[in-house]
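Below is one structure, written out as structure tokens, with a few remarks after it.
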Amino acid sequence: MAYTFDFSFIGSFSAEIWSGIRLTIWLTLLTILPGFALGTACAVARMNGPRWLRWIVTGYIEGIRNTPLVIQVFWLFFGLAVLGARIGPFPAAVIALVINTGAYSAEIMRAGFQSIPKGELEAGECLALSRWQMFWSIQLPQAAERVYPALISQFILMMLATSIMSQISVEELTGVGYQIQSITFRGFDVYVVIALVYLALATGLRLLLHFVARGSFPRLRRLGTPL
Amino acid sequence: MTSMSAIDTASLSGTAAPLVTFRGVRKSFGALEVLKGIDLTVAPGQVVALIGRSGSGKSTALRCINALEPISAGELEVCGYSLHRPGVDLRALRQEVGIVFQSYNLFPHLTVKQNVTLAPRKVRKLNRDQARELASEVLAQVGLGDRMDAYPEQLSGGQQQRVAIARSLAMRPKLMLFDEVTSALDPELTGEVLRVIGKLAAGGMTMVLVTHEMAFARQVADQVVYMHQGKVWEQGSGKMLANPQTDELRQFVGSGL
Amino acid sequence: MLGLTPEQLQFLLQGTGWTLLLSLMGFVGGTVIGLPVALARSAKSRWLRRISSLYVQFVQGVPLPVIMFVVYFGVSIYGFSVSALVAAAIAMTLYSSAYLGEIWKGCLMAVPKTQREAAECLALSAPQQFIYVILPQALRIAIPPTVGFLVQIVKNSSYSVVIGFFDLTYSAKVLNNATFTPFAIFTIAAALYFAICFPLSLFACRFERKLARSAA
Ligand SMILES: Nc1ncnc2c1ncn2[C@@H]1O[C@H](COP(=O)(O)OP(=O)(O)O)[C@@H](O)[C@H]1O
Ligand SMILES: [Mg+2]
């Protein structure tokens, strides 16, 4: 059985496709930094915080990591609206993605922090560095440098996860695809193209993040050691 | 260093207050008492070598001096700070007391220069130019003026240890502590580190060093302290090693050399 | 519970059953295809490695909902009118096989080279080396990440909602449209997912710690 693809929809819906791509990119970019910051804060809290805070943070991390993103999004978007806290679909999507990224980054960063030898922190203490200075100058850069490959993979997964947001009518790339196929009835063709676009986005994001990593970690740039 | 000569004259006159005074210091880890009443003074400009078997409490005594370990009983004065009293400003204390560990503990993500200038810039608030100047000065002191931009992993163990010494010196400490700084090094690298420490001693730096290098201890130390089972068992000048008074030291010297 | 009638609760539990079934299908399918992927990823032949790596990169670069759509629309153009379950199961299989293949490849590579050399010195043939020396060791270290990935499978089976498969997520969505008590419904749905996933996570974590201890 020969199947003939018909990709003419790309021309007729190029504006929609572009707007979908833009929205996907926005969702991703707005998610990564706050998600990473939240995750780092949670990693620190889970390691050094008072007991009650450790419990809360652990509950948050495990709760998020053991339930689907779709349910979290529905809960945020529909559930909170009923409780009187109505938020728009786009903010709801970003918040859900940030919360999600935070939980996963927290575990990654925790591994990074724990890989730093204790002697180094003692050395920092003996040089009269404050805890805050130690965190910024020694712990954070080293932890991030050690786990950045895992972080990059996680951020790419988050980019892919934005594809569910059309469920709350955030018309990102996947949602745009659905609209197009409901008009053209060429679902297969449409989603093959969309899959390729995501592939390109994932590759691009990976390149971008590696670029950022090389910029952020001078040792990596100089020695090429991933450790 | 101009301040050095001032310390020198003070120590020669013999009137200056000691930089470190242990009075009946005890230290326990849980039920295990590691220091069982230590009495010891270190005068400005003095070089004190702590020797003794592994587990005798040398590192613990050293770590008490810059308050890495709080003492359990007794009195301990360091550079005018009473460490047995609560509320000591530890960061202020540590600007006066440098320490170098057996395992270098350099920051691997920073270059040699950044390792050396991190604390001076953050704590002493030096600007970039001052920090750079300081780095070249202290790195020249340890013979590594040409490796400023290397990362620790590109250096040999001996070089890393010398960077660690420079990193401490950059805080302009009044007192330097060395804890078996050559134990992790191959014999051929040990010499270069000991030479740096010897030079510092000759320059009048006050220091307490834990070492297994008996010949070195005898050569640079004004005072050798033999610790045994958490106590100062015997102390005296370097000559003491040639003429031990106690069986324990005799045995230790016999086995160690 | 939380203002839901027993019938409504039962509706969600039914969805949970479908979620479990889809997850199981995804895992079994993912294993059947993931094993050869793992072998190809760690094979001696450069071509095998390259092709399998392309496959993995391809699947890992496309969102699961899009894979669901591609399969769903793709299978139907050949005239089969497939149920959402079949489409979702195929998509889950593709998805799991890429990730499991990558995980297992890592486990195979983690067995020290010296083990294979030792086996070779005992004059074992290549398949014998693999079956008696490499595989048993790789299997042990594979358990925690595999169980950990099971959690991903269960959670991500929820993406089948996009093609209307009647799993727990879709049931919750439908129920919400009818009753409009989203807070209660999605809280319960989340709790049900959590009840499945958390024990698996816990097991994976414990087992990993046990392995780390025995290695130390
Ligand atoms: N943080 C600690 N917790 C418990 N015991 C310790 C700790 N540090 C040192 N010890 C114990 O104190 C004793 C003396 O140790 P240390 O001062 O390191 O001896 P030395 O440096 O002379 O080899 C040893 O028995 C050691 O096991
Ligand atoms: Mg010691």
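Please treat every number below as a calculation from the coordinates, not as lab data. If you're wondering where the values come from, they're calculated on a predicted model, not measured in any experiment. No Cβ is skipped: glycine too gets one built from the backbone with ideal geometry, and neighbour counts run over all protein chains shown.
Packing around the peptides A:181-192, C:161-172, B:228-239, taken as the average count of other Cβ atoms within 10 Å per residue, puts them in this order, highest first: C:161-172, A:181-192, B:228-239.
Ranked by the mean number of other Cβ atoms within 10 Å per residue, highest first, peptides A:91-104, C:196-209 order as A:91-104, C:196-209.
Starting from the Cα gyration tensor of segment A:9-223, take the square roots of the eigenvalues, sort them a ≥ b ≥ c, and report rounded, prolate or oblate (rounded when a/c is under 1.5, otherwise prolate if a/b is larger than b/c, else oblate). It comes out oblate by the Cα gyration axes.
Using the Cβ-Cβ distance between B:GLU153 and A:ALA37 with R0 set to 35 Å, the FRET efficiency from 1/(1 + (r/R0)^6) comes to roughly 0.75. Put a plus charge on the Cβ of each Lys and Arg, a minus charge on the Cβ of each Asp and Glu, and nothing anywhere else: the dipole of chain A about its Cα centre is then about 660 debye.
Within the straight-line cut-off of under 19 Å between alpha carbons, the lysines reachable from C:LYS173 are C:LYS155, sequence neighbours fewer than 8 places apart in one chain being disregarded. For C:LYS44, the lysines whose Cα comes closer than 22 Å to its Cα, not counting residues fewer than 8 places off in the same chain, are C:LYS105, C:LYS113. With respect to chain B, whose longest principal axis is taken over its alpha-carbon atoms, helix B:157-169 is tilted by about 90°. In this Cβ point-charge picture (+1 for Lys and Arg, -1 for Asp and Glu), the protein assembly as shown has a dipole of about 300 debye about its Cα centre. When the C-alpha to C-alpha distance is required to be over 23 Å, the pairs from A:LYS118/B:LYS36; B:LYS58/B:LYS174; B:LYS58/B:LYS125; B:LYS27/B:LYS58 that qualify are A:LYS118/B:LYS36; B:LYS58/B:LYS125. Averaged over peptide C:171-183, the number of partner chain Cβ atoms lying within 10 Å of each residue's Cβ comes to 3.
Projecting the Cα atoms of C:LEU192, C:ALA40, C:VAL66 onto the charge dipole of segment C:6-215 (Cβ charges, centred on the Cα centre) puts C:ALA40 farthest toward the positive pole.
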